[in-house]
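My structure is below; once you've seen it, I'll send some questions.
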Amino acid sequence: MDEDLKIVVDAVFVTTPLAAQTQLPRDLFRAIADLKRELNAVILAHYYQEPDIQDIADYIGDSLGLSQQAAQTSADVIVFAGVHFMAETAKILNPNKLVLLPDLAAGCSLADSCPPDAFAQFRADHPGHLVISYINCTADIKAMSDIICTSANAVKIVQQVAPDQPIIFAPDRNLGRYVMQQTGREMVLWQGSCIVHETFSEKKMVQLKIQHPEAEAIAHPECEPAVLRHASYIGSTTALLKYIQQSSSQSFIVATEPGIIHQMQKAAPDKKFIPAPPINNCACNECPYMRLNTLEKLYWCMKNRTPAITLPEATRLAALKPIQRMLEMSQ
Ligand code: 13P
Ligand code: SF4
C-alpha cells in the first residue's frame, strides 16, 4: 500500500469508534425510516443539505417554510437537518418535543457575526428603534428583537411597520440593504454577512452571463449588491425554486448555495442550472456548516437521541414572542 494512503487509512480506523464501523446498517435509508416510525419523528431539511438527506426528509423548505412546519407538527421528535439556529427555532416553538440536530457544530456565520453583548449595546445606542432580526441569529438575539423575519417575508414585514417608526435590521447587511431598496425605508443595519453568499464574484457572474447569454441569472438576497445587480430575479430559496418553474427560460445561473439545484433539477428536469462560481474556483459556494450534516450522522442522532437542542426557559420565552409575531405577520 502506498505509504501516504496507509497513514490516511490508519488514521480513519484510529479515529472512528469500532462500534460506529460495525453497527452502521447497510441500508441507511431503511434504517432511518424505521427509526422515524419508532420515534414518531419528522425530518425537516433545508435545501442546502446534501441530496441524500433531502431525499429522505418529510419536508424540505426555506427557513420560513421550515419554521411554519415546526410550528404545526404533531410528531414527538423533530430531526432538523439544517443549522443550529433553525433547530433552535424549532425548539423555541416546541419546548416539550425532542429536537435533534445531526451535528451540533452546524452553526452559521451570520449568527456568529452578531454577538449578544455587542448587539445589546447597539440596541441601546439606538433608542426608540423597532428591532427586526433575520431568523439567522441566535436565541439570545431573537430574545432582544421585536419581530423575526426570513428572506421570504422580510419585505412584507417591513412594509407592515408604521412609516415613522425607526427600525434596526440585523444581522445581515445585504438582506437589509435589499429590503431598504424594495421598501424605500431607511433602516439602521447591523454589519453581518454570510460567508457563502459573499463569496460570489461579480466578475465571474458577468463572465458566466457572457458564456451563457441565454441563461437567466437568479440570486438569493444574502448576496452582495454587486452580484444582485446582475440578477433578473431575487428571492428566498423557495421563491427561487418556484421561479425557475414559472419562467419560460430554459437555463439559469443560480447565485445561492448549490444544494438547491437538487430540487430545481427534480422540479424542471429539462432545464439547465449553472451554479454561480465563487471568487476562486473552489467549492466555497457550499455552506460548510450545512454540509457538516451527513446521512450517517442523521442516523446516529436518531438512534442515540442526541445531540438535542436545549436552551434556558427565560431565553426561549423571550425569543418566542418575535417568532410568533413573524408567523402572524406572514399569513
Ligand atoms: P432561506 O432559507 O430563507 O432561503 O435562506 C437561506 C439561508 O442562507 C439559510 O441559512
Ligand atoms: Fe449561515 Fe450562510 Fe450557511 Fe445560510 S448559507 S447557514 S446564512 S453561513
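Rounded to the nearest 0.05, what FRET efficiency do E38 and N96 give with R0 = 25 Å and r taken as the Cβ-Cβ distance? Could you check? Intermediate results must be reported in sequence, preceding the final value.
Details: r = 19 Å, r/R0 = 0.76.
That gives a FRET efficiency of 0.85.
Also: Towards the positive end of the charge dipole of segment 194-331, with charges on Cβ (+1 Lys, Arg; -1 Asp, Glu), say which of P307, P258, F200 has the farthest Cα.
P307
If you don't mind, there's one more thing I want to ask. Assuming a viscosity of 1.306 mPa s and a temperature of 10 °C, what translational diffusion coefficient in µm² per second does Stokes-Einstein assign to segment 118-273, Rh being the Kirkwood radius over Cα pairs? Show your work: numbers first, answer last.
Values: Rh = 16.6 Å.
Estimated diffusion coefficient is 96 µm²/s.
Which whole-number value in Å³ per residue fits the convex hull of the alpha carbons of segment 85-187?
Values: hull volume 11.3 nm³, N = 103.
Taking only Cα atoms, segment 85-187 has a hull volume of 110 Å³ per residue.
Once the piece of chain linking S251 and D112 is laid out straight, how much longer is it, given 0.36 nm per residue of separation minus the C-alpha distance between them?
Working: separation 139, 0.36 × 139 = 50.04 nm, distance 3.49 nm.
Gain on extension, S251 to D112, equals 46.5 nm.
To the nearest 0.05, how large is the calculated FRET efficiency for S232 and K321 if R₀ is 35 Å and r is the Cβ-Cβ distance?
Values: r = 38 Å, r/R0 = 1.07.
Computed FRET efficiency for S232 and K321 comes out at 0.40.
Compute the FRET efficiency between I195 and Q121 as 1/(1 + (r/R0)^6), taking r as their Cβ-Cβ distance and R0 = 30 Å, and round to the nearest 0.05.
Once rounded, the FRET efficiency stands at 0.80.
Quick one: in segment 100-141, what % of C-alpha pairs are over 14 Å apart? List each step's numbers first, then the result.
Numbers: 475 of 861 pairs.
Beyond 14 Å sits 55 percent of the P(r) for segment 100-141.
Here is a follow-up. What lysines sit close enough to K321 to cross-link, taking a C-alpha to C-alpha distance under 23 Å and skipping anything fewer than 8 places away on the same chain?
Here the lysines satisfying the reach criterion relative to K321 are K91, K97, K142, K156.
Still on this structure, I have one more. Give me the one-decimal nm value for the distance between modelled label points at A314 and Q72, 7 Å along each residue's Cα-to-Cβ direction.
Label-label distance for A314 and Q72, simple model: 3.5 nm.
Just to confirm a number: summing +1 for Lys and Arg and -1 for Asp and Glu over residues other than P278 whose beta-carbon lies under 14 angstrom from that of P278, what do you get?
Details: positive: K203, K204; negative: E198, E202, E222, E224, E257, E286.
In short, -4.
Next question, about the same structure. If amide hydrogens are placed 1.01 Å from N in the peptide plane, which non-local residues have theirs closer than 5 Å to the one on I168?
L130, V131, I132, V188
While we're looking at this one, here's another question. Straight-line reach from K272: which lysines have Cα under 27 Å away, leaving out those fewer than 8 places along the same chain?
Those lysines meeting the cut-off are K203, K204, K209, K242.
Can I ask one more? Once each part is reduced to its C-alpha centroid, what is the distance from segment 29-53 to segment 61-136 in angstrom?
20
Let me ask another. Against the empirical 2.2 N^0.38 Å scaling, what ratio does the C-alpha Rg of the chain come to? If you can, show how the numbers build up before the last one.
Values: Rg = 20.7 Å, N = 331, 2.2 N^0.38 = 20.0 Å.
After normalising by residue count via 2.2 N^0.38 Å, the value is 1.04.
Taking the Cα centre as origin and putting +1 on Lys and Arg beta-carbons and -1 on Asp and Glu beta-carbons, what dipole magnitude results for the chain, to the nearest 20 debye?
On the way: 28 positive and 35 negative charges, 139 e Å.
It works out to roughly 660 debye.
Only Lys, Arg, Asp and Glu count, each charged at its Cβ (+1, +1, -1, -1), so figure out the dipole size of segment 173-331 about its Cα centre, rounded to 20 debye.
Details: 18 positive and 13 negative charges, 54 e Å.
The dipole magnitude comes to about 260 debye.
Values in this text are rule-based calculations from the coordinates and carry no lab data. Remember, predicted model here, so these are calculated numbers, not experimental data. All Cβ positions, glycine included, derive from the backbone under ideal geometry; neighbour counts span all protein chains shown.
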